[in-house]
Amino acid sequence: MSPYFSRDGFSRGFFEGIGLLPGMIAFGAVFGVLADGVGLSVTGAAAMSLFVFAGTAQLLALHSWGAPDLLVAVVVSVIAMNARYVLFGAAIQPWMRGLPPLIAYASLFLMVDANWAAGMRERDAGRHDIAVFVGMGTAFMIGWIAGTVAGAGFGPLLGDPRRLGLDFFLPAFFLSLACGFWKGRGDLLPFAIGAAVALVFDRFVGGSWHVLAGGLAGSLTSAFLPAKAKA
């Protein structure tokens, strides 16, 4: 079945994304507060969120703001942090196969972890309405920019974002995604190995390599796990 776009699909994805907006707005507010801290204006922070739309990469970029000696380290960290999107793109490509390239690539600009997971769910259910993916991504972008503007505009009034627990949003977000992929006891070993490798890399390597290392370790464990062990 060829992929297609529908108004109903866009609405379904958009309203599903609306349910996750509080977290996305909170994440955007963290970025906005930190952007204000390095001297970015509200307009500059909002423009970065609009044209980059990559939360973790944007947060890492702030670490090199005004410090050119950190630029190479930050670039490497951003590549490591976002390397998972190479795997995400490869996984979602068969679902989008048949779309005109311009539409497919424009849709992928809106890809984040949550709507990629939604797209994989649609694929597994035998549905091919790409508008679900785009609708959810659109909702996330609106929330991300709204949070950025709020954080950059009112951040100085909030003080240290850690005081409000906003720094815990990112790990909580990834944990919730991992729980969504849980299919049974067969997933326990890949999850455990991925987590262990990530912790080791975080302790002894640093930077953002623990994200890539943990993801690859868990994926390879699952790939080579005997079928009986996955049941």
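Any idea what the dipole of region 7-167 comes to, in debye rounded to 20, about its Cα centre with Lys/Arg Cβ at +1 and Asp/Glu Cβ at -1?
Dipole about the Cα centre, nearest 20: 300 debye.
Considering only protein heavy atoms, what per residue accessible area in square angstrom results for region 7-167 with a 1.4 angstrom probe?
Result: 48 Å² per residue.
Residue by residue, what Karplus-based ³J(HN,Hα) values in Hz, rounded to whole numbers, does region 120-134 have, using 6.51, -1.76 and 1.60 with θ = phi - 60° and x for Gly and Pro?
5, 5, 4, 4, 5, 8, x, 9, 10, 8, 5, 4, 4, 4, 5
According to the square roots a ≥ b ≥ c of the eigenvalues of the Cα gyration tensor, what is the shape class of region 1-43, taking rounded for a/c under 1.5, prolate for a/b larger than b/c otherwise, and oblate for the remainder?
Cα axes put region 1-43 in the prolate bin.
Once every Cα of region 7-167 carries one equal point scatterer and solvent is ignored, give the base-10 log of I(q)/I(0) from the Debye formula at q = 0.15, 0.17, 0.20, 0.21 Å⁻¹, two decimals.
-0.84, -1.02, -1.25, -1.31
The values are calculated or read from the model by the stated rules, or taken from the named source; none is laboratory data. Computed from a prediction, not measured in an experiment: that's the story for all the values here. Neighbour counts are summed over all protein chains in view; Cβ atoms, including those assigned to glycine, are modelled from backbone coordinates with ideal geometry. These accessible areas exclude ligands, DNA and RNA; they are computed on the full protein's heavy atoms, side chains included. Shrake-Rupley method; radii C 1.70, N 1.55, O 1.52, S 1.80 Å.
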